[in-house]
Amino acid sequence: MTTIGEAKGAWAETATDGNIHTPGIVHDLGNMMQVLGSALGLLQRHPAIAANSEPQALLSGAIFALERVRSLARQLGPQPRINIDQVQVGTCILEIEQVLRMAVPPRISLSVEVEPDLPVLLCNRHCLENVLLNLIRNACDAVEGSGRIVVSARLERRTQRVLVEVADNGTGMSAEVLERAAAPYFTTKASGTGLGLAMAKRFTSALQGDLTIMSARGEGTTVSLALSAAGTVRAF
């Protein structure tokens, strides 16, 4: 008969086998996401909900988020799949505006300002969306009490690059924090990972662009991504 200690040892050995453990988790996550997706789809089609715009919007946001989790999970599998898309940034932002608003608490106002007919980027659309969500979550954390966040996209005429900005009127950063803000794993938040800005910088570099952070204590923060239009893309 196997003892509890022996069973724990066997499971521990399996859990540390990187060839099996991570793909196994991805597989199980896929099964659970399938269940969640089916449940959300049934709710969305329920007669009591189908005619009500407010729960429909919430469910659409939840389904969108679930699809992004699926995309992230596929990148962890034994054969990672990362698509390169032709992305019109303005259209992308407007299409996920409802999801962005769901990430912002009621005490903070969110404005979205997008120029029409922006150049197309070659990038992974889901990565762009995740970068925007990370920047907005950072901005929310920086705003104490009521405040505002502005997400904008426009053409930088001099360089012909697309300039995406997330600006807040929060507490801002000291010069010391600003210098290290985009370094991997650097964070000033108790529950932070220190990866949001680092991933934004990595994404921007893949598009041969530049990430700029303007911030000062008491004056808020603006994170700018200057992204090159469709052309050569480095590995992300």
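Rounded to the nearest 5, the antiparallel percentage of DSSP beta bridges internal to the stretch 48-186 is 65%. Cβ under 12 Å from THR187's Cβ, THR187 left aside: what net charge do those residues give with Lys, Arg +1 and Asp, Glu -1? My count for the surroundings of THR187 gives +1. Taking 0.36 nm per residue of separation and subtracting the current Cα-Cα distance, fully stretching the chain between ARG137 and THR193 would add 18.9 nm. Taking amide H as placed 1.01 Å from N in the peptide plane, the amide H of GLY209 sits under 5 Å from that of SER228, each at least 5 places away or on another chain.
Overall size of the stretch 52-180 from C-alpha positions, given as principal axis extents largest first: 44, 42, 33 Å. Find out how many positive minus negative residues lie around ALA167, taking Lys and Arg as positive, Asp and Glu as negative, among other residues whose Cβ is under 12 Å from that of ALA167. Combined, the nearby Lys, Arg, Asp and Glu give -3. Neighbours of THR221 by Cβ distance under 11 Å: Lys/Arg scored +1, Asp/Glu scored -1, total -3.
If you take the square roots of the eigenvalues of the alpha-carbon gyration tensor of the stretch 86-141 and sort them as a ≥ b ≥ c, do you get rounded (a/c under 1.5), prolate (a/b over b/c) or oblate? Judged from the Cα gyration tensor, the stretch 86-141 comes out prolate (a/c at least 1.5, a/b above b/c).
Hey, what's the Kirkwood Rh for the stretch 160-236 if you take every pair of different alpha carbons, in angstrom? After inverting the pairwise mean of 1/r, the radius is 13.2 Å.
Compactness check for the stretch 114-206: Cα Rg over 2.2 N^0.38 Å is 1.16.
Here, each number is a calculation from the coordinates, and none is a lab measurement. Nothing here was measured: the structure is a model prediction, and the numbers come from that model. Virtual Cβ from ideal backbone geometry, glycine too; neighbours counted across all protein chains shown.
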